[in-house]
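Contents: one structure, followed by commentary.
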């Protein structure tokens, strides 16, 4: 009897264990994450009641050279005349082709300009990046995201991560906590402007269900990523790109357009649409007040790094034309020798363009964009230039703000009512950065006189560290020997020479209210700065730094919010923000063609206890290697 009871007890335990095991297997099978899951699973209507999803992507980065058939090029040049064009510009592609070097661009998943990653706010983004470029390391930065708890995923080489070496993979994994139109791109300036980039669209429930002028949602939602391709502007990686919009019904409707410009920092472009008005919705992913319509303009000035959301609507009166034009025209201030040619793209309305006005599933023209791009711009259809001169203009750079009327400037834009905190009416810490350049004459490698332009901030020329900065304490001897900033000066700068290269670090405490003032003492160049990990409120701008100092007035009511700002030549920009997230955050000069030209600053935000984030124990570290001591005997 006792033996029977033991047998029954053992059988029960075995059955219970087996039931628990098979239940766990069934749960994992039906609810687990598919490693091959792609972007389509996260491109959805966002719902507040839904749990955040894990969105997996794979990006394979390569570098390729593109050439044009010489016979085809000569034929088109004979038809269109010589390659010298207005304003002294010369077709850059002609120069490249004549030298028979072609053009080298980056590709992401086999395409010039990477895919658009569309997710919902608070989703978890997991991106495997594979570098297939021989002999070149890369890293990817994700604009607009705070990277709270994950500052080691910000994508700054030698600061927050080791660069991704050739033929290796790195997995970015973080929570997207900032809705809006954003960008992922290679850290080096040449990578960002030559194809190693893509749009990151983070949708939110209010954004999809609210329109500040009407009760109806937008008729369609589109991304226009403007870059350069063979010396001319391209949109979404194509020079022969066209936009098709669904035809509105009986009542007029608006289309949402997310415009991102990543081009030469010396070039600014007018974006204008014939027969349409553009209404401002958001800047750098920061929405304007939803209870008030944003300013409506006829054209928008695009500067490097700009991310702007616009509502596109036809002008009142008349029916729908069969064809409109989207025009990109370089401004008079642009450097003609380095800027791209003007371009125009067709805009059409279709009664059945596909679901939500998006590209049909079977349309493979995007992947073949480079192969079929035209070489010369189509002739202008000749809109009256007097209309262009009197157009209402959105100028976020500031060059036209004091020159003519009808211009909406950054200081004219009011931010959302609930965004500017009361605590920022004062500040705890003030950072002042003076941008300057000077020419240094040095002896070249062959004994000749070499003239070099040295850029600096507060006299320091930024240089990257030799060891991963995020994994070292600022007090360590290894870091202090190469850093400068607040009361710190490396040995290489004693005595202060013509060039002081160091890791420029400024220290902040988490929670501090900061006023940061950027002073551009360079009378000839504008600079575009992007702050990692934070958004800032632009509380004041002033022109004439040298001629009229001290006239900076601050707007502490509803200042606009941005993370990318233009500091014009001989001018001052003042911003305020709360240093919320612990970590190392780069104030980045995005105009540098490489990692840096010396104008960057690292903001070290510390907490007590020191860190509120955990770096994975197996996170890659990079530093010098020195062999065993006995080899040095």
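A compact table of results
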item	result
Leading residue by the ranking (modelled with the lowest pLDDT) among those in the range 539-560 that are over 15 Å from residue 425 (Cα atoms) and outside any loop (DSSP other than H, G, I, E, B)	543
Flag if residue 155 is without any contact (Cβ under 8 Å) to a residue 40 or more places away in the chain and either within 19 Å of residue 114 (Cα to Cα) or assigned by TED's automatic domain parsing to the domain that holds residue 256 (or both)	yes
Tabulated pairs, the range 234-248, first outside the structural domain of residue 345 (by TED's automatic domain parsing) and farther than 23 Å from residue 219 by Cβ, second at pLDDT below 90 and surrounded by fewer than 21 Cβ atoms within 10 Å (Cβ to Cβ), C-beta under 6 angstrom, 6+ apart or interchain	none
Subset of the range 410-445 that is under 24 Å from residue 554 (Cβ atoms) and free of Cβ contacts under 8 Å to residues at least 24 places away in the same chain - its residue that is surrounded by the most Cβ atoms within 10 Å (Cβ to Cβ)	418
Residue check, residue 619 modelled with pLDDT under 90, assigned to a loop (DSSP other than H, G, I, E, B) and under 24 Å from residue 507 (Cβ atoms)	yes
Leading residue by the ranking (nearest to residue 349 (Cα to Cα)) among those in the range 254-282 that are part of a loop (DSSP other than H, G, I, E, B) and touching a residue at least 60 places away in the same chain (Cβ under 8 Å)	274
Subset of the range 557-601 that is farther than 15 Å from residue 514 by Cβ and over 21 Å from the mean Cα position of the chain (by Cα) - its residue that is surrounded by the most Cβ atoms within 10 Å (Cβ to Cβ)	572
Condition check for residue 531: modelled with pLDDT under 95 and either surrounded by fewer than 22 Cβ atoms within 10 Å (Cβ to Cβ) or within 28 Å of residue 595 (Cβ to Cβ) (or both)	no
Residue match in the range 181-194 (condition: in contact (Cβ under 8 Å) with a residue 24 or more places away in the chain, within 20 Å of residue 595 (Cα to Cα), touching a helix residue (DSSP H, G or I) at 6+ places or on another chain (Cβ under 8 Å) and part of a loop (DSSP other than H, G, I, E, B))	no
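Table: residues versus (1) part of a loop (DSSP other than H, G, I, E, B); (2) more than 20 Å from residue 330 (Cα to Cα).
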site: 401; (1), (2): yes, no
site: 418; (1), (2): yes, yes
site: 424; (1), (2): no, yes
site: 432; (1), (2): no, yes
site: 435; (1), (2): no, yes
site: 440; (1), (2): no, yes
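The values are calculated or read from the model by the stated rules, or taken from the named source; none is laboratory data. Computed from a predicted model, the values in this text were never measured in an experiment. So basically every Cβ, Gly included, is an ideal-geometry build from the backbone, and we count neighbours across all protein chains shown.
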